[in-house]
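Asks: After the structure tokens below, expect a handful of questions from me.
The values are calculated or read from the model by the stated rules, or taken from the named source; none is laboratory data. Keep in mind the model is a prediction, meaning the values are calculated, not measured. In this analysis, Cβ positions are derived from the backbone assuming ideal geometry, glycine residues included, and neighbour counts consider all displayed protein chains. Side chains included, ligands, DNA and RNA excluded: accessible areas come from the protein's heavy atoms. Shrake-Rupley method; radii C 1.70, N 1.55, O 1.52, S 1.80 Å.
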Amino acid sequence: MSDISLATIVFIALLLLAVFTVAQGVRTVPQGEVWSVERFGAFTRLLQPGLNLIVPYVDRIGRRLNVQEVVLDIPEQAVITRDNATVATDGIVYYRVMDPAKAAYAVQDMSLALTSLAMTNIRSVVGELDLDATLSGRDRINTTLLTVLDGATEPWGVKVSRVEIRKIEPPENLIRAMNLQMTAERERRAAVARAEGEKQALVLQAEGRRDAAMRDAEARERLAQAEANATRMVAEAAAGSGGDALRYFIAEKYVKAFEALAANPSSRLVVVPMESSALAGGVTQALELLRFPTGGGAPGTSPPPATTGGNPWNRG
């Protein structure tokens, strides 16, 4: 009975040992991870996601690496720019393990090494720039950091895909000075714009006056030209057979002007000029021209005597 009990115990122990051995030799790697296998402390191979077998008691799991893209937070630090301005900066780094064997054994602590490298290069890049260039040159800083970090982490089997500076914050006193400078600059621009507007208005007004003067001069020139043409036409008519008509025209204008002067209701006294005899003579000649347009007076009659002085309206 004791022999059966001992055999049973041995069988159970062997069964448990077999189960344990199988469990030690079977490994299930989750998706997004790669495990390294070490045999007697030396790296031998990598286990991909899924079911994998190893030699129990000889092989063991070394490093468990995440091959997905990882976001690493860069802590905030104070950085001095080239013009001795202190700014607080932080950022984030996106990286991915491309060679798990190098990432497992080429560097001891991947996150710590990459964080320290990023902080050092942020100080180096920002220290080469002025404050204004630092505040406005985030893309330039990101590109420079990406190039430097990607080249530095290549021996580690890591690919840095993106670097972003999240915050560049100057101290409070510098922010107040920048606000004052921005306000002064905006006021200067407003004053310049206002002065430019006033200057443009004056220029437009001067151009308007110039155009008006030019058009007025052109109108006067045309009027003078018309008057010259009319005078030339009258002179040509007078030089020909139109002398009688010209005398009639002048007499008619003279009579109308005198009528307008006499018909003025505000004038109680009409002063007749000394040349009134000439007016009467002109009127008489005009009547004769209307009566006998061919000239020479009525048949059998002689032309009216010309008056040389005195009152033409009182004939003797």
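Asks: Looking at (1) of a type outside the set (Gly, Ala, Ser); (2) in contact with a strand residue (DSSP E or B) (Cβ under 8 Å, 6 or more places away or on another chain); (3) exposed (fewer than 14 other Cβ atoms within 10 Å of the Cβ), which is the only condition Phe40 fails?
Replies: For Phe40, the exception is condition (2).
Asks: I'd like the full set of residues that are closer than 16 Å to Glu76 by Cβ, of a type outside the set (Ser, Thr, Tyr) and out of contact with any helix residue (DSSP H, G or I) (no Cβ under 7 Å at 6 or more places or on another chain), limited to region 113-137.
Replies: Met119, Arg123
Asks: Report every pair of residues separated by at least 6 positions or lying on different chains whose Cβ atoms are under 6 Å apart, first residue within region 74-102 and aliphatic (A, V, I, L, M), second open to solvent by 50 Å² or more (accessible area, probe 1.4 Å) and not in a strand (DSSP E or B).
Replies: Qualifying pairs under 6 Å: Val79/Arg123.
Asks: Okay, next question. Considering only residues that are out of contact with any Leu (no Cβ under 9 Å at 6 or more places or on another chain) and surrounded by 10 or more Cβ atoms within 10 Å (Cβ to Cβ), which ones fall in region 165-177? Talk me through it step by step, then tell me what you get.
Replies: Quick first cut of region 165-177, residues out of contact with any Leu (no Cβ under 9 Å at 6 or more places or on another chain) only: 166-167, 169, 171-173, 175-177.
Once the filter is applied, which keeps residues that are out of contact with any Leu (no Cβ under 9 Å at 6 or more places or on another chain) and surrounded by 10 or more Cβ atoms within 10 Å (Cβ to Cβ), region 165-177 yields Arg166, Lys167, Glu169, Pro171, Ile175, Arg176, Ala177.
Asks: Next question. Could you list, in sequence order, the residues of region 47-73 that are exposed (fewer than 14 other Cβ atoms within 10 Å of the Cβ) and in contact with a helix residue (DSSP H, G or I) (Cβ under 9 Å, 6 or more places away or on another chain)?
Replies: Of everything in region 47-73, those that are exposed (fewer than 14 other Cβ atoms within 10 Å of the Cβ) and in contact with a helix residue (DSSP H, G or I) (Cβ under 9 Å, 6 or more places away or on another chain) turn out to be Leu53, Val55, Tyr57, Asp73.
Asks: Another question, if that's okay. Out of (1) out of contact with any Ser or Thr (no Cβ under 9 Å at 6 or more places or on another chain); (2) not in a strand (DSSP E or B), the odd one out for Trp35 is which?
Replies: (2)
Asks: May I pose another question? Within the bounds of region 199-215, is there any residue that is under 24 Å from Gly127 (Cα atoms) and either in a helix (DSSP H, G or I) or in contact with a Cys (Cβ under 8 Å, 6 or more places away or on another chain) (or both)?
Replies: no
Asks: Identify, from the list Thr147, Thr134, the residue that is on the phi < 0 side of the Ramachandran plot and either surrounded by 14 or more Cβ atoms within 10 Å (Cβ to Cβ) or within 22 Å of the chain's Cα centre (by Cα) (or both).
Replies: Just a single option satisfies the conditions, and that option is Thr134.
Asks: Next up: Only one residue in Lys159, Lys199, Lys167 is more than 26 Å from the chain's Cα centre (by Cα), modelled with pLDDT of 85 or more, farther than 19 Å from Leu117 by Cβ and of a type outside the set (Gly, Ala, Ser), so which one is that?
Replies: None of the other options fit; the residue is Lys167.
Asks: Within region 74-91, track down each residue that is open to solvent by 30 Å² or more (accessible area, probe 1.4 Å) and within 36 Å of the chain's Cα centre (by Cα).
Replies: Once the filter is applied, which keeps residues that are open to solvent by 30 Å² or more (accessible area, probe 1.4 Å) and within 36 Å of the chain's Cα centre (by Cα), region 74-91 yields Glu76, Ala78, Ile80, Arg82, Asp83, Asn84, Thr86.
Asks: Only one of (1) in contact with a strand residue (DSSP E or B) (Cβ under 7 Å, 6 or more places away or on another chain); (2) crowded, with 16+ Cβ neighbours inside 10 Å; (3) in contact (Cβ under 8 Å) with a residue 24 or more places away in the chain is not met by Ser161, so which one is it?
Replies: Just one mismatch for Ser161, condition (2).
Asks: For the list (1) touching a residue at least 60 places away in the same chain (Cβ under 8 Å); (2) under 55 Å from the mean Cα position of the chain (by Cα), I need the number of the one condition that Val67 fails.
Replies: (1)
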